[in-house]
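Data first, discussion second: the structure below is written as C-alpha cells.
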Amino acid sequence: MATTQTESTLATYPTASDGTVASTVPVGAVYAEGSTLDWGTSLVEGTVVRDEKVAPNAPWSAVVKEGHVLTIVDVGGNQSADCLLYNADEPEERYSVPDTLAWQGNAYVRTGTVLRSSEGRPLMTVVANEIDRQDTIGGACGKESNTLRYGHHVMFHHGCRENFLAEAGRRGLGVRDIVSNLNWFMNVPVEADGALGIVDGMSAPGRRVAVRAEMDVLVMVSNCPQMNNPCNDFNPTPLRMIVVDPDPDPARAGVPDPEADSPQSTQTPHTPGDAA
Ligand SMILES: [Zn+2]
C-alpha cells in the first residue's frame, strides 16, 4: 500500500532503530508495507569508517580506501545493487567485466573473485559472500532499454543508467564512463546452452557481500528501480553500505590470508587475449 504523498521532495524511510534515511526519490517509491527488513552488520570485523543507508531506487557512491572492506547488505532481499568501480585517482581505469571473468575462467562472481580493471589490475576482491553467486553479465537497466523491452509507457521510469549518470555527475564523470557493471544480489543463471536469464533472486533479507579495496576505489551503486522484471522481486527495498578498516588479524577479521591457497592462487592467470 502506498504511503500518503507529502509536500516534501525528500522522502524519509523508517529504519530498524536509528532514525531515518533521506532520499531525492519522491515519497511513494517506498517498499511494500510489511516487507521484511534485516539491516545486518559488517561481514568483516574492524573499525567502521562509513555506514550509510541507500533508499529504494536511489544512487550512492563513495571512495573506499585501499585495504578497507565494503559490506553491502541486501536489506529487503532480492534487491539488485548495480555497481561500477573506478580507480579513485585515475578514473579512466575502471571495472572490466571481460578482464574479471576471463582471468578467473568462470562466469560467476563468488568469494575469491578479483574484480579487475580495464588495465587488468585488481580493483577489489570479494572476501565474503552469502549467496551462491553474484552476477556481472546481466547489465544495467535504463529508460531506453526498458522502453524497448516493456513498451513506451515505461519511458519515464528511471533506471540504473540514469542513477549512474546522476551519481557520475557528482564525481566529474559522465556517459562515456558508464561501462558494463556488477549486479550484486541479482540472479542471472547461465543455462547449459549458454542462454542467460533474469529470474527470481536467490537472496533474502540481510544477505551480504563484502569486497576489499586493492587500491583507493570509487564505488558507484544504483539501488535498482526496475519494476518490469523480477530482479527486485517487484518491491525495491533499501541497501546498507558499511565500510570498515579491518582488524589487522586476518583470521579474526574473516579476511582470507593472501598467502594461503585460494581459488585465484591455484589457477594459472591468463590475460583476456589468451581466451580466444
Ligand atoms: Zn536496474
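The values are calculated or read from the model by the stated rules, or taken from the named source; none is laboratory data. Remember, it's a predicted structure, so these values are computed and weren't measured experimentally. Backbone-built Cβ (ideal geometry, glycine too); neighbour counts: all protein chains shown.
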Selected residue (only one of 67, 120, 77 is at pLDDT below 95, more than 19 Å from residue 167 (Cβ to Cβ) and of a type in the set (Gly, Ala, Ser)): 77
Count of the stretch 158-196 residues which are under 14 Å from residue 140 (Cα atoms) and in a loop (DSSP other than H, G, I, E, B): 9
Hey, residue 71 under 16 Å from the mean Cα position of the chain (by Cα) and of a type in the set (Ser, Thr, Tyr) or not: yes
Qualifying residue in the stretch 100-119 (condition: farther than 18 Å from residue 182 by Cβ, hydrophobic (A, V, I, L, M, F, W, C) and out of contact with any helix residue (DSSP H, G or I) (no Cβ under 6 Å at 6 or more places or on another chain)): no
Count - residues of the stretch 148-159 that are surrounded by 15 or more Cβ atoms within 10 Å (Cβ to Cβ) and either of a type in the set (Lys, Arg) or farther than 23 Å from residue 86 by Cβ (or both): 3
Checking residue 137 against (1) closer than 26 Å to residue 227 by Cβ; (2) in a loop (DSSP other than H, G, I, E, B); (3) free of Cβ contacts under 8 Å to residues at least 40 places away in the same chain; (4) not small (Gly, Ala, Ser), the condition it does not meet: (3)
Filter result (more than 19 Å from residue 90 (Cβ to Cβ) and either within 14 Å of the ligand (Cβ to nearest atom) or acidic (Asp, Glu) (or both)) within the stretch 113-135: 130, 132, 135
Test result for residue 209, more than 13 Å from the ligand (Cβ to nearest atom), modelled with pLDDT of 95 or more, in a strand (DSSP E or B) and surrounded by 14 or more Cβ atoms within 10 Å (Cβ to Cβ): yes
Boolean, residue 220 is closer than 26 Å to residue 46 by Cα and within 16 Å of the ligand (Cβ to nearest atom): yes
Filter result for residue 162 (within 12 Å of the ligand (Cβ to nearest atom), surrounded by 18 or more Cβ atoms within 10 Å (Cβ to Cβ) and acidic (Asp, Glu)): yes
Extreme residue, surrounded by the fewest Cβ atoms within 10 Å (Cβ to Cβ), among residues of the stretch 165-190 that are within 14 Å of the ligand (Cβ to nearest atom) and not aliphatic (A, V, I, L, M): 180
